[in-house]
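The values are calculated or read from the model by the stated rules, or taken from the named source; none is laboratory data. Everything numeric in this text was worked out from a predicted model, so none of it was measured. So basically every Cβ, Gly included, is an ideal-geometry build from the backbone, and we count neighbours across all protein chains shown. SASA here: full protein model, heavy atoms, side chains in, ligands and nucleic acids out. Shrake-Rupley method; radii C 1.70, N 1.55, O 1.52, S 1.80 Å.
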Amino acid sequence: MSIFEPSEGTLVVVPSLSLPQDELRRIKAARSYEERLLFLLLTLREPGVKVVYLSSVPIDPGIIDYYFSFLPDPEDAAKRLTLITLDDPWSQPLTRTLLSRPDVLEQLRAEIDGDALLVPFVLSELEEELASSLNVPIYGPATSFAYYGSKSGARELGQEAGVPMARGFGDLRTPLEIEEAVEALPGERVIIKLNDAYSGLGNAIVTKSDRSRIDFSAGDETWDAFSAKIRDRGAVVEEYIEHRPLYYPSALAAISPGGQARVLATHDQVLGGDSGQVYQGCTFPAAPEYRAEVGASAGRIARVLAERGVVGVFGMDFFALKADAGYAALLCEINLRIGGTTHPYGAVTLTTGAVYDPGTGLLMAGDQPKYYTATDNYAAGCLRGRTPGEVMRAAGRLGLGFDHERRTGNVFHLLGAIPEHGKLGFTSIGDSRQEADELHALTRRLLSAL
């Protein structure tokens, strides 16, 4: 069973944010990220599919209605969707609280019908314990492979796969190891990355000639706190790529339970934040100058992971720069989990029926390529206090919805963050790069005027 194209069976979706909670608190409206996997409701277009979706707090009915609007038979789909909530906004991570609630576990067991897969947002020992309790296989990399999703593990795996990388050192923990690595690398600046950080929040850029100049990607970080995290989690030190222009492509891949590895998509990441290192969104596909190289490197890494026994969806980040013989793509990290590009890809393929062509790196809906531009971080003060349903209806009236005939338009997500934070995400789909970008810009402009 594939989570993007299941024909039958039950998807048990557990979008628990089983991540370092200190960094999670830095993300605005973090709890709403439990909604990132709601695109899987679109799999209910297949009459043999059932979805059970867990959440820490109830999901606004208007959000469910919005996703059902993409389906040919919403009433029948509703019969095959079960929403289970812990009704506890402080149950972070969700899975930990779920395991302490035998009443909810029993309800969950009763809803599992036939073949099933547990689909976690992040897979930790908590999700493995839950899967064992339910006797349901997991669609995701086992925790025994977690090292390959660390910054140090990515360097080791990249070397084995023969993928180019920036010069650097991994598995560092002590101040002496960090100092020696900093001095051994060329250039005036180096970058230190915590092994298990995400969204760029665990990075620090160090200036060699003035060690007091440290640019943390998390604005409230201090060197004492950062050093403690290095000791606890480990880190890598790499040369800071000064080359400009520098591009930030990524790749999305999947390995089936049967061991088949395939690249699903390449993207160009949109980064922001105070340091310009925090993920904000993406565009598909990656630029043609380096798309093929990124896809080829991603394929090599995916095959090595498949040989190890990894299962599930995961992402890989790269740097791309102009070299003498064309463009070079350097592996930056492996995100051995569902990530920021997963839900745009899932939303686009499930609404358009497009299929990835590895030869061109394009998503093809018949003879028509599909392009998209996505954001996780659109916010406007005028949206705060509105309901998701109200905002979606207004978007529809403004022509910002989805055209089912052309299979273009917007697919919105993170709608639960609208009332409190005025924040949401959306994926703008077009038949060309220009159409997708123009729709994305128009959507930003019109939403800010609601």
Is there a pair in 50/151; 208/322; 193/423; 193/370; 229/370 whose C-alpha atoms are over 31 Å apart, and which pairs would that be?
50/151; 193/370; 229/370
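Between residue 184 and residue 307, take the C-beta separation as r, use R0 = 45 Å, and let me know the FRET efficiency to the nearest 0.05.
Result of the calculation: an efficiency of 0.90.
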With every protein chain present, what is the per residue accessible area of the stretch 331-400 (1.4 Å probe, Å²)?
35
In the stretch 208-310, what GluC sites (Glu not before Pro) fall in a loop by DSSP, with at most 11 other Cβ atoms inside 10 Å?
242
Please give the helix 342-352 orientation as an angle from the longest Cα principal axis of the chain, in degrees from 0 to 90, rounded to the nearest 10.
40
Dividing the mean separation of Cα pairs under 8 Å (6+ apart) by the residue count of the chain yields a relative contact order in percent of 14
Note down the accessible area of residue 100, probe 1.4 Å, to the nearest 10 Å².
80
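What part of the accessible area of the chain, given as a whole %, is carbon or sulfur when the probe is 1.4 angstrom?
On the way: 8860 of 18020 Å².
That share works out to 49 percent.
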With the contact rule set at Cα under 8 Å and sequence spacing of 6 or more, what percent relative contact order holds for the stretch 191-315?
25
Quick check: pseudo-label points 7 Å beyond the Cα along Cα→Cβ at residue 242 and residue 214, how many nm apart are they?
2.2
So which chymotrypsin sites (Phe, Trp or Tyr not before Pro) in the stretch 52-116 are both in a DSSP loop and have at most 13 other Cβ atoms within 10 Å of their Cβ?
90
Under a no-solvent Debye model with one identical scatterer per Cα of the chain, what's log10 I(q)/I(0) at q = 0.12, 0.13 Å⁻¹?
-1.05, -1.25
Which value, in Å² rounded to 10, gives the accessible area of residue 136 with a 1.4 Å probe and all protein chains present?
10
Relative contact order, percent, of the stretch 276-398 when contacts are C-alpha pairs under 8 Å separated by at least 6 residues?
28
Of 380, 102, 247, whose Cα points farthest to the positive end of the dipole of the chain (charges on the beta-carbon: +1 Lys, Arg; -1 Asp, Glu; origin at the Cα centre)?
380
Which aspartates and glutamates have a Cα lying under 15 Å from the Cα of residue 79, excluding residues fewer than 8 positions away in the same chain?
8, 46, 65, 111, 113
Over the stretch 267-390: Kirkwood hydrodynamic radius from C-alpha pairwise inverse distances, Å
16.5
Between residue 328 and residue 69, what length comes free when the chain is fully extended (0.36 nm per residue of separation minus the Cα-Cα distance, one decimal in nm)?
89.0 nm
Could you tell me how far the Cα centroid of the stretch 418-442 sits from the Cα centroid of the stretch 299-348, in Å?
24
Sorting 318, 402 on solvent-accessible surface, 1.4 Å probe, most exposed first, gives 402, 318
